[in-house]
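Taken together, the values in this text are just the output of simple stated rules run on the coordinates, not laboratory data. Just so we're clear, the structure is a prediction, and the values are computed from it rather than from any experiment. Virtual Cβ from ideal backbone geometry, glycine too; neighbours counted across all protein chains shown.
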Amino acid sequence: MDFKQVVGNRRTIRYFKSWQPVEPAKIQTILEAGRLQSQHGNAKLIRKAVVIERGRTPDDVRDALIDAMYNQPQVQQAPVFIVWAIDMSGWDGLRDALKELIEVRALNSTHGWSKEFIETAVIPNPDFNVMAGDNTFAEWLSAFECGLAVGSALLAAVDEGLGTALVTGRRAQIRQILDMPKFVTPTQVQLVGYPAESPNAGGQRPSPAFENLYFSGKWGVPLRSDPEVVARLKGAGMLQEPAPVPWRTDEIRALAHLFGLPE
Amino acid sequence: MTQHEFAACATVQKYVAELADKGLTEAEQQERLTILAEFCNFVGRTPDQMVAEIFDVETQKYRKRTFYSDRVKEFSAQIPGTWSARTARGNVIRSFFIANGRRLPNEKPEWL
């Protein structure tokens, strides 16, 4: 699928075909999309995930996780959960990861990189080696980096023709169920499965105006959206019909009947 | 509780507004209100009392959710018919609570 179409098609899916398993190759593809995302210092061991699959993971583990995610219907239905987590111990590998980047010629002397520079200038600098400074910044950056991986994983799921969504839950309970160590924090849980609702889930969700989000040169000065670009993005499927489409209420009623949910 | 008192309850009015917003016909709305009134008789409480006591606003925690969840299941099981028909009856009560900002666990189908 074209990238713009994938971005345009992404929705938070809230109704899944619980009866249709997800092919292992598709799950692996989603995880690869996360693994390959950009990462500060290439310290990729900070973002990890536990995959839970209906019929493969023991029922008691899956049921406990459903409870930890407030028994939401979409969680009950989704055949796959990807529990994304931040492993703060992954920052321990920053020095080696940087040196490896020198070895593979990604970090070069053209930009002042050397192994000596890493030891004497980078590792002691809390702006770069976040574990050398304020813990709040380290946690913030870790969450940011994990989010990058999850963002790719969401788009990969759409590209594979799947529905996907992020949900939250009781993190302490999730950590306990999955035997995560103390230095690991479960973040959002990515649900994956074939959508039981129409893939466009009733239309594209409301978003703030472009000009309210992006500024030109100075904070608060709107960066203007070009109507010609908007037209091109509509043609490419990135900007789509806004929600709700006219038949959405009927679709929700039908789904409620299918899953025995209140309307 | 008279029909007039029932209809005057703030929680019922919220529920009716929600049903109308979802495009349910007058007949569909009336059918649901009849079921809600039956449930109120079943638990011996007014709609406003039910919403007030299920959740403790001060502590922001549910305090009688299990009670209502169990009563809804019993109420659903009172009628003969399929699982879907019985669940639909209980879901009227769940919808009433949802319209008033409270959530009861849904009934999970066996096949799920």
In terms of the Cα gyration tensor, with a ≥ b ≥ c the square roots of its eigenvalues, is region A:194-263 rounded because a/c is under 1.5, prolate because a/b exceeds b/c, or oblate? prolate
Computed ³J(HN,Hα) along region A:109-118: with the Karplus parameters 6.51/-1.76/1.60, θ = phi - 60°, integer Hz and x for glycine or proline, the list is 5, 4, 10, x, 7, 8, 5, 5, 4, 4
At least 27 Å along the helix axis (C-alpha) and Kyte average at least -0.5, DSSP helices within chain A: A:135-159
For region B:3-99, average projected area of the Cα convex hull in nm²: 6.5 nm²
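If you take every residue apart from A:GLN28 with its C-beta less than 14 Å away from the C-beta of A:GLN28, what net charge results, scoring Lys and Arg +1 and Asp and Glu -1? Spell out each step's value before the answer.
Values: positive: A:LYS26, A:ARG35, A:ARG56; negative: A:GLU23, A:GLU32, A:GLU53, A:ASP159, A:GLU160.
Here the count lands on -2.
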Projected onto the charge dipole of chain A (+1 at Lys/Arg Cβ, -1 at Asp/Glu Cβ, origin at the Cα centre), which of A:TRP113, A:GLN28, A:ALA156 gives the Cα projection farthest towards the positive end? A:ALA156
Taking R0 as 41 Å and r as the Cβ-Cβ distance between A:PHE137 and B:LYS61, the FRET efficiency 1/(1 + (r/R0)^6), rounded to the nearest 0.05, comes to 0.75
Taking GluC sites (Glu not before Pro) as exposed when in a DSSP loop with at most 15 other Cβ atoms inside 10 Å, chain B has its longest clean stretch at B:1-57
Inter-part gap, Cα centre of region A:107-143 to Cα centre of region A:19-43, in whole angstrom, is 26 Å
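Using just the helices of the protein assembly as shown, give the 222 nm mean residue ellipticity in deg cm²/dmol: DSSP H runs with n ≥ 4 each add -39,500 (n - 2.57), and the total is spread over all residues, rounded to 500. All intermediate terms of the calculation are to be shown ahead of the outcome.
On the way: 16 runs with 174 residues, N = 375.
Dividing the helical sum by the residues of the protein assembly as shown leaves -14000 deg cm²/dmol.
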Hey, quick one: spin label on A:ASP250, modelled 7 Å out along Cα-Cβ, who in region A:182-198 has an amide N within reach, i.e. under 19 Å? A:196-198
Please build a GNM for chain A, connecting alpha carbons under 10 Å apart, and tell me which residue among A:ILE118, A:ILE66, A:ILE46 fluctuates the most. A:ILE118
Determine which lysines satisfy two conditions relative to A:LYS115: a Cα distance under 29 Å, and not lying fewer than 8 residues away in the same chain. A:LYS44, A:LYS48, A:LYS99
Inverse of mean 1/r across different Cα pairs in region A:11-196, Kirkwood, Å: 17.6 Å
First measure r as the distance between the Cβ atoms of A:SER89 and A:SER114, then evaluate 1/(1 + (r/R0)^6) with R0 = 41 Å and state the FRET efficiency to the nearest 0.05. 0.95
Considering only B:THR46, B:THR66, B:THR82, give the residue with the highest GNM mean-square fluctuation for chain B, with springs between Cα atoms whenever their separation is below 10 Å. B:THR82
Compute the separation of the alpha-carbon centres of region A:211-228 and region A:75-93 and state it in Å as a whole number. 35 Å
Ranked by GNM mean-square fluctuation in chain A (Cα springs under 10 Å), the top entry among A:PRO206, A:PRO21, A:PRO186 is A:PRO206
Taking N as the residue count of the protein assembly as shown, its alpha carbon Rg divided by 2.2 N^0.38 Å gives 1.22
